[in-house]
Amino acid sequence: MLHLIQEGGFIMAPLLICSLLIWAVTLEKLWFLSKFDQRSSTLHAKAADLLKENKLHEARGLCRSYHPIVGAPYLALMEQSKAGVERRLEESRLGMRRFLWILGTIGSSAPFIGLFGTVVGIIKSFESIARTGKSGFAVVAAGLSEALIATAAGIIVAVIAVVLYNYFQTRLSTTLILFKNRVEDLKDQMNVGDKVEL
């Protein structure tokens, strides 16, 4: 693997950085989503129990103790602000999508980074022909090897980024729907107005 990276030329450096960013965002998103699901379900259960006992003040304090992405929509609900609930849900959606743009950007740009490496490798092949005055595979092999490795690396990085981006898009949409439904369920319990819309 190290040999291939070296053979791919300088263009492998930005592709390696892109690869590291992909896995950093992936780990962050997996950790965030697991914690979010756990915390939102726990908050919902505790808040529902407190409201059954008419302990609205304690329920508000409980919501304030959670991260705003989780607790803010519930807090707005308990303050009986329909517009506030909608805004807080939108803020939660934005918070959940944090860093996801990195995967989308890498997925769309990595093939072009690899293509740039392809062009550089071909240029080196022609420079070898011009320098030696000879043609043939032995003369152009190094440049073509660099071009092909850069192309393959760019495609691999892009495919991984796009697959993970689509996976997290789907999972975040599902998580947000479940979160919104929990808020709606608590709203029904409190008998507060019409349903909120996201």
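The requirement of being outside any helix (DSSP H, G or I) and free of Cβ contacts under 8 Å to residues at least 60 places away in the same chain is fulfilled somewhere in segment 78-89, by at least one residue. Please tell me if residue 124 is over 18 Å from residue 186 (Cα atoms) and of a type in the set (Lys, Arg). Yes. Among the conditions (1) among the aliphatic types (A, V, I, L, M); (2) in contact (Cβ under 8 Å) with a residue 12 or more places away in the chain; (3) surrounded by fewer than 20 Cβ atoms within 10 Å (Cβ to Cβ), the only one that residue 153 does not satisfy is (3). Here residue 69 fulfils each of the conditions (1) farther than 23 Å from residue 184 by Cβ; (2) in contact with a helix residue (DSSP H, G or I) (Cβ under 7 Å, 6 or more places away or on another chain) apart from (1).
Residue pairs whose Cβ atoms lie under 9 Å apart, separated by 6 or more positions or on different chains, with the first residue in segment 125-145 and closer than 15 Å to residue 9 by Cβ and the second modelled with pLDDT under 70 and charged (D, E, K, R), are 128/134; 142/7; 145/7. The residue of segment 103-122 that is farthest from residue 155 (Cα to Cα), among those that are small (Gly, Ala, Ser) and in contact with a helix residue (DSSP H, G or I) (Cβ under 6 Å, 6 or more places away or on another chain), is 121.
Per-residue answers, yes or no, for (1) assigned to a helix (DSSP H, G or I); (2) on the phi < 0 side of the Ramachandran plot; (3) small (Gly, Ala, Ser):
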| residue | (1), (2), (3) |
| --- | --- |
| 45 | yes, yes, yes |
| 54 | no, no, no |
| 95 | yes, yes, yes |
| 101 | yes, yes, no |
| 106 | yes, yes, no |
| 112 | yes, yes, no |
| 120 | yes, yes, no |
| 130 | yes, yes, yes |
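Can you spot a residue in segment 56-76 that is in a helix (DSSP H, G or I), surrounded by fewer than 20 Cβ atoms within 10 Å (Cβ to Cβ) and in contact (Cβ under 8 Å) with a residue 40 or more places away in the chain? Checked segment 56-76: no residue is in a helix (DSSP H, G or I), surrounded by fewer than 20 Cβ atoms within 10 Å (Cβ to Cβ) and in contact (Cβ under 8 Å) with a residue 40 or more places away in the chain.
The values are calculated or read from the model by the stated rules, or taken from the named source; none is laboratory data. Given the structure is predicted, the values throughout are model-derived calculations rather than measurements. All Cβ positions, even for glycine, are placed from backbone atoms using ideal geometry, and neighbour counts span all protein chains on display.
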